[in-house]
Every structure is written in C-alpha cells, then in structure tokens.
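K.L.:
Provided herewith is a single structure, encoded as structure tokens, for subsequent inquiry.
The values are calculated or read from the model by the stated rules, or taken from the named source; none is laboratory data. For clarity, every value in this text was computed on a predicted model and none was experimentally measured. Because the Cβ atoms are built from the backbone with ideal geometry, glycine has one as well, and the counts that use them run over all protein chains shown. Just so you know, the surface numbers come from the protein's heavy atoms only, side chains and all, with ligands and any DNA or RNA stripped out. Shrake-Rupley method; radii C 1.70, N 1.55, O 1.52, S 1.80 Å.
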Amino acid sequence: MKQKTDPKLLTLLVCPISKKTLRYDDAKQELLSDSAGLAYPIRDGIPIMLPDEARAMEETEIRK
Amino acid sequence: MGAGALHAARFRAITAGMIVFDKNRRRLLMDKAASRFDRADFLRPLIERSIVERLCDIRRDFPDVLCIGARISADFIRDLATLKNTRRLYVLDSSEAFLAQCAAQAPAPDQCAIIPVLGDEECLPFGETEAQFDLILGAATLHSVNDVPGTLIQVKRALKPDGLFMAAMAGGQTLYELRHSLMEAETALFGGASPRVMPFADMQQVAGLMQRAGFALPVVDHDVIPVEYRNFSSLLHDIRAMGEGLCLADFNRGYRPKAFFDAAQAAYAAAFTNDAGLLRASFEIIYALGWAPHESQQKPLRRGSAQTSLTEVL
C-alpha cells in the first residue's frame, strides 16, 4: 500500500539548501527544487530532505 | 558536473566550515541504537518530564509543533496533545529507524497527527516562505550539530512570531569522569591524548548562542543527573545503546589494545568510586528557551530615553 504524504506538510516544506518552494511530483513521488536543481525522494510517504540523497535534476527538467 | 551535484558540493563546503561531528557516522550509530534504545535510555523520561513541566509553566496552547529529533516517547506525545493541545506534531530526524519508531507509537490520530520528515537539523527544510510553527522542540539533538548558530537562526525563522523554541541538550559536565579517565590512560600508554568524548557546550555558551541567534527573552538552565554504575563496561554499553557513541569527524581510529581499556577502567575506578563501591558518572542536561521576536513582548527602553534623572531618585 502506498502511503500518502500529509498534504499540509507538502505546502510547508522548502528546499533545505535554497530555502525556496518545492514542486510536488505525485507520479514520481519526488519534491523538485528548481533553484537547487535537486529532486528529493519521498519513500513510504516520508519526504527525504537530505541533499546527499537527492537526485540531480536534468537541465530540461528545471523550470525557470 | 550537473547543477544538482554542484549544489550538493556547495552544501558540503558550507557545512565544512568547522566539521566536528561526522554526520553519516552519527546516523549509522543512531540507526543501530534504535531497536534497543527504549531499555537503555533512562535519561529520556527525565528530560521529557522537565520539558513538559517547563511548557506547562507557559499559559498557552501549541497546536503546530516541530520536534527536532525523533527519540521521543508515546507518553511525551500524549502529554503534548492533552496538556498543550498539540494537533499536528512534525518530527524531523536524520535516522530512518528512529523516525519509523516514532511514527509507529502515534496516539489516536484524531488526537494528534504525527508527521515524519527525514532531514538534517543543520539544514532545516522549513522556514522563510511563511512562519510555520507555534513551538519548536530540540529533543536532545543539538549537542551533535556542527553549526549551532546557523541551526538556531533557521529555527527562529521557522517559528511564527511569538513562537517558542525549547531545547534540551547535553552540557559540558556530561561524562567528565570518562573524559578524564580516557585521557589519563591514553597519555600514560601512548604519550598523548586524542578526543574520545564529544565536546559539549556549557550553559554560558548556550545562552550566548541563543542571544546571538536573536531569540527574545532567552532563559537557560541545567540539571546535573548523577548516575551510579556497577562497572566500567556497563557505562560504555549504555552510551552506545543511547546511540551516543563517538561520532567525531577527526577521530583517531587507530588500534587501541585491551591494555588501553584496562588502564582507563583502572583510572576511572581510582578517581570516581563512591562510598558504596559504585562508579560515579554525571550527565548534565542544558535547557534553553527563547521566543521568536514579537512587538507584544517586553523590551528594555532605548538608552537615554529616561524621563527622570537617576540623581533625583538616589
């Protein structure tokens, strides 16, 4: 069973590096930080907000 | 190098200013300790009771709470929910095992929702966009942070105006007996000493840091908890079981023979045995409290703004 992330939490979280807002990708279960170019994974509904565990985004993914 | 890798490298460079603690090693120690933590940590109920007592002195509810550190008990969560009307408890920790354990012990969901977030206390994923929390708790985590001033500033920014920050952390008198014995043994055997017990802040330093971070009306106090151990190895066992094994970045991992352990044990027994033949060990817990600034709070008047001359009064 896929666990849902708390919806209010998604509005509160910011990128821990740039402190800017994040985009939520429901299908991929990722939180995207355009400013830092990092995609933070969500595992079992728990956002993993560690830069070391984040995926580096492709240039094409980044929305200016 | 992609943008992401660049940023991750920058992040490491920023935090590399003064690396005292090896965060990855700390995460590992914590994950290892999670399963047996409940039995070892006799300090936790004491600390939690002190935090709840201090919160109850404040006549206010705290509906939205962020707890930095997932090593909290079900009793503590229930106290927050019933005494302080906490409805949403966000829990941040860098150890997945402790986070899972904390989320599993949630009370009835209608009472208080527990919302876990995996993250690093030194780079909080909260703040700046909008003020968010009525209360932020530092539950025995801030003593292993590299950049304490930076962390406190981030905490302050994540608080609502007039929001409260309260932290409990280990202070400088913690395990001074062990520090002393290990140093004595290492000097005698190897002709030099290396750090083997974490460096802890003392009360004055914590008070200074709270002020520097810009908290209003800061208060810092402490408890020293004396503990007695039957032998040296049970003390070491407890420290590891708490997940507080050494996680210094610059730690001498060279081979240390059994002779070193024996010498430390002898030095400890010689200096710190009490009348009952037990080994003394001290734990100092520092409690720090401060508010996010708000215009309703009392402030000193500006210098030179007095209406009456002091000479008229005296």
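K.L.:
Round to the nearest 0.05 the FRET efficiency obtained for B:L83 and B:R302 when R0 = 45 Å and r is the Cβ-Cβ distance. Numbers along the way, then the final one.
P.N.:
Details: r = 39 Å, r/R0 = 0.86.
Taking R0 as 45 Å, the efficiency between B:L83 and B:R302 is 0.70.
K.L.:
Okay, next question. Using a 1.4 Å probe, what is the accessible area per residue for chain A, in Å²?
P.N.:
53
K.L.:
Spelling out what I want: for every residue of segment B:187-198, take phi, set θ = phi - 60°, compute 6.51 cos²θ - 1.76 cosθ + 1.60 (Karplus), and round to whole Hz; glycine and proline get x.
P.N.:
For segment B:187-198, the Karplus curve yields 5, 5, 8, 10, x, x, 10, 10, x, 10, 10, 3 Hz.
K.L.:
Also, quick follow-up: Counting only protein heavy atoms and rolling a 1.4 Å probe, how much accessible area do A and B lose on contact, total for both sides, in Å² to 100?
P.N.:
Working: alone 4550 and 16370 Å², together 18560 Å².
Accessible area lost upon association: around 2400 Å².
K.L.:
Can you flag which of A:K20/B:K84; A:K19/B:K160; B:K84/B:K160; B:K156/B:K299 are past 26 Å Cα-Cα? Show your work: numbers first, answer last.
P.N.:
On the way: A:K20/B:K84 31 Å; A:K19/B:K160 16 Å; B:K84/B:K160 17 Å; B:K156/B:K299 18 Å.
The answer is A:K20/B:K84.
K.L.:
Further question: Go ahead and estimate [θ] at 222 nm for chain A from helices alone: -39,500 (n - 2.57) per DSSP H run with n ≥ 4, summed, over the residue count, rounded to 500.
P.N.:
On the way: 1 runs with 6 residues, N = 64.
Only helices count here, giving -2000 deg cm²/dmol.
K.L.:
Which residues of segment A:13-29 end up with at least 10 Å² less accessible area in the presence of all protein chains than when their chain stands alone, using a 1.4 Å probe?
P.N.:
A:L13, A:V14, A:P16, A:I17, A:K19, A:T21
K.L.:
Using only atoms on other chains, find how many Cβ atoms lie within 10 Å of each Cβ of peptide B:167-178 and report the average. Please report the intermediate quantities before stating the final value.
P.N.:
Numbers: counts 0, 0, 0, 0, 0, 0, 0, 0, 0, 0, 0, 0.
Whole-number average of other-chain Cβ neighbours for B:167-178 is 0.
K.L.:
What number comes out for the charge environment of B:G172, summing +1 per Lys or Arg and -1 per Asp or Glu over other residues with Cβ under 9 Å away? Let's see the in-between values first.
P.N.:
Numbers: positive: none; negative: B:D202, B:E284.
Every neighbour counted, the sum reads -2.
K.L.:
Across segment B:84-96, in residue order, what do the Karplus-derived ³J(HN,Hα) couplings come to in whole Hz, using 6.51 cos²θ - 1.76 cosθ + 1.60 with θ = phi - 60° and x for Gly and Pro?
P.N.:
Coupling constants for segment B:84-96: 10, 6, 5, 9, 10, 10, 7, 10, 10, 8, 9, 9, 4 Hz.
K.L.:
What is the Cα centroid distance between segment B:46-110 and segment A:7-54, reported in whole angstrom?
P.N.:
When both Cα centres are located, 24 Å separates them.
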